[in-house]
């Protein structure tokens, strides 16, 4: 479904991505793991059409998206939920959702309210009045109304209480069940390992390791080498960063 081949990206003269290649199949959840600064968010930004200074190939369902602007990438079926969530803080929950509705989406407004009952309760509240967890729910719900074939999630569980993380995990499972592919960037390895079919690890702008869920679960040496804080002697990120 999605194929990224030899992707390079630059911020000014800084060569951030140095030949990233990855694939995501239909209805598959794939994680992109790595330490801070490895190039994970940059990869998602390139796929979403938000970073123009890049070269390589990005193909979705046979259509090349490499040089397309972000609005055309979105129309092609890619929805991006950024780490900063990107909601309209002056609009109500329902207004945020209403402007995202696209014909042909697998989800309707009542559907996302059933997935996120808290949003239904807060539908008249402005985005600025929502908690961090509620803002994350709103950002994901809005992306689903936008008729995605591929959902890009950047750190959806960061800083959230365990009960909210559980809600998000259930929602991502429902997204997969509807046939939507998910490319997930996340520091919380428990969250990733509970969901993903396959994993890629980025190290200094390159793919350092890839494998399926079973291979990753059995590769403690790989986790220690590439995902531990401060190197192999540091604390592993398996517990994530959950907080109330």
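Details
- Segment 1-85: C-alpha gyration tensor shape, a/c 1.5 cut-off, then a/b vs b/c: rounded
- Beta bridges per DSSP with both ends in the chain, % antiparallel, nearest 5: 60 percent
- Shape call, segment 35-106: gyration tensor on alpha carbons, a/c limit 1.5: oblate
- GNM top mover of 76, 181, 217 - the chain, alpha-carbon springs below 10 Å: 217
- Normalising the Debye intensity of segment 1-48 to I(0), with uniform scatterers on Cα atoms only, and taking log10 at q = 0.17, 0.30 Å⁻¹ returns -0.51, -1.31.
- With the convex hull drawn over the C-alpha atoms of segment 147-212, the volume per residue is 100 Å³.
- Shown here: segment 78-171, whose C-alpha atoms stretch 33, 27, 22 Å along the first, second and third principal axes, sorted largest to smallest.
- Label-point separation in nm, residue 75 to residue 108, each point 7 Å along Cα→Cβ: 2.6 nm
- Values of log10 I(q)/I(0), in the order q = 0.10, 0.17, 0.22 Å⁻¹, for segment 23-155 under a Debye, Cα-only, solvent-free model: -0.34, -0.95, -1.34
- By the beta-carbon count within 10 Å of each Cβ, the least crowded to most crowded order of 154, 221, fewest first, is 221, 154.
- Exposure proxy ranking, count of Cβ atoms within 10 Å, fewest first, for 113, 200, 11: 11, 113, 200
- For segment 26-69, the Cα-based Rg and Dmax, in that order, read 11.6, 32 Å.
- Dividing the helix sum by the residues of the chain, where each DSSP H run of 4 or more adds -39500 (n - 2.57), gives a mean residue ellipticity at 222 nm of -9000 deg cm²/dmol.
Here, each number is a calculation from the coordinates, and none is a lab measurement. Not measured: the values here are computed from a predicted model. All Cβ positions, glycine included, derive from the backbone under ideal geometry; neighbour counts span all protein chains shown.
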